[in-house]
1. Let's test the formula: R0 of 30 Å, r as the Cβ-Cβ distance of Leu40 and Ile108. What FRET efficiency results, to the nearest 0.05?
2. Ranked highest first by the average count of other Cβ atoms within 10 Å around their residues, in what order do 26-32, 95-101, 307-313 fall?
3. For Val270, which sequence-distant residues (separation of 5 or more, or a different chain) have an amide H within less than 5 Å of its own amide H, given hydrogens modelled in the peptide plane?
4. Within the stretch 2-100, which chymotrypsin sites (Phe, Trp or Tyr not before Pro) sit in a loop by DSSP and count at most 16 neighbouring Cβ atoms inside 10 Å?
5. Which FRET efficiency, nearest 0.05, do Leu314 and Trp179 yield, Cβ-Cβ r, R0 30 Å?
6. Mind ranking 264-270, 351-357 by how tightly packed they are, going by the mean number of other C-beta atoms within 10 angstrom, highest first?
7. Can you pull out the chymotrypsin sites (Phe, Trp or Tyr not before Pro) in the stretch 128-170 that DSSP calls coil and that have at most 16 other Cβ atoms within 10 Å?
8. For the stretch 132-195, state which trypsin sites (Lys or Arg not before Pro) are in a DSSP loop and have at most 13 other beta carbons lying within 10 Å of their beta carbon.
Amino acid sequence: MINNLSNLLLPAAVILYLMPVDPLMSTLASLAWLIKSQILCDKNRRWAMWPMAFLILALARTWWQYEMPHPVAGQDILIIVASFMATCGIKGNKLEMLLKTNLVALPIVWIAGINQNMMQGILLKAPWVPNFMAGKNQCAYLIGLLLIISVCWLWSSKGYKKAQIASGVMAAIATIMLWQLQSRAALITTFMALAIVFLMQQAKGRKIKKSIGICVALAATVILSIKLMRPNSVITPLGFDFYSDLGRLQIQECFVNLPLTGNNRFIYGVGFERGGLFCKQEVISGVLDHAHNLYIQLWANAGILGIGGLLICLAMIFSKWNQIYKKDLTSFLTMVGIAGTAYTLIQGLFDASILYWPLLQVLTGVLIAIPWAEGKVE
């Protein structure tokens, strides 16, 4: 009973993250859920989970006081791994409920925004404003995840009208909120992640040719709509922002070259706790001090050893999903797991959004761990 009620900490963290309050409130809720999952795990897993809980608690100050260098620090990886391990012990039906419960944040934040506008006498203002204390792109990453969960729920609800209505409403709200955030990366990556699941399903049904045409047409619509999404910006009709994107390419070149300089940097990089010391690039919107690419950042921070560790993890993930793909591609957990993993990996090419706040790291670990959840694979 206590364990089930404590799972409400995660959707509470999502709500606090999106509301205009200090994101540290969301950090407290998300890390409380993570610690709870480790302490209350089954006896067979306590030998690993309790020491992990000790590490999380021993480093609590760095997260709760937001002291570590951001958006890339060694502690970020620790939270992702800890949430991955915690999720592996959750049974499939409980994990499904946990993911769907997070969608409650969408109407709550939406209604709160409308009420706030009415109190201020603003009738034409957008009904939701992102929590700028958390970060616009970081809110977009979270909304993209919620949109994926709602769409996968809709796809898996054939024959259940109430579930279709609920998931459809959630998907509509998430789409509008994502559009209002004006994040190119989140919008394109969400579409790509869902398209991957759709094409995989159609490939099993031998309907791939027609499906590719549909996805190409939708992709063109999404890219062209970016200009409408940000009409007053310098974005071209194809979605490029040369002021911002050129600056990102330049700073990425700097980070790519870092391991090729200095003593033994090729082997183990320059370290995770030295953000902003080596590469900086001025752009029209400010100063960039990280690579805006998870893989280039890992290469710069951890060298060839870090890339090797990543390849080991990717091999494990793809091997596990290959087993599931051969058996099932219609259940909610399978679809949201594939789409969520694809979303995280593709998003990493554009930004480092998942490494800003613990809530995003926890949700990333949860989604990646779906194929290892108890009862997920027979």
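1. 0.70
2. Final packing ranking: 26-32, 95-101, 307-313.
3. Here Asn301, Ala302, Gly303 satisfy the definition.
4. Tyr66
5. E between Leu314 and Trp179, to the nearest 0.05, is 0.45.
6. By packing density, highest mean first, the sequence is 351-357, 264-270.
7. Phe132, Tyr160
8. Those satisfying the criteria are Lys158.
The values are calculated or read from the model by the stated rules, or taken from the named source; none is laboratory data. Predicted model only: the values in this text are computed from it and were never measured. We place every Cβ from the backbone using ideal geometry, glycine too, and count neighbours over all the protein chains shown. All accessible areas refer to the heavy atoms of the entire protein, side chains included, with ligands and DNA or RNA removed. Shrake-Rupley method; radii C 1.70, N 1.55, O 1.52, S 1.80 Å.
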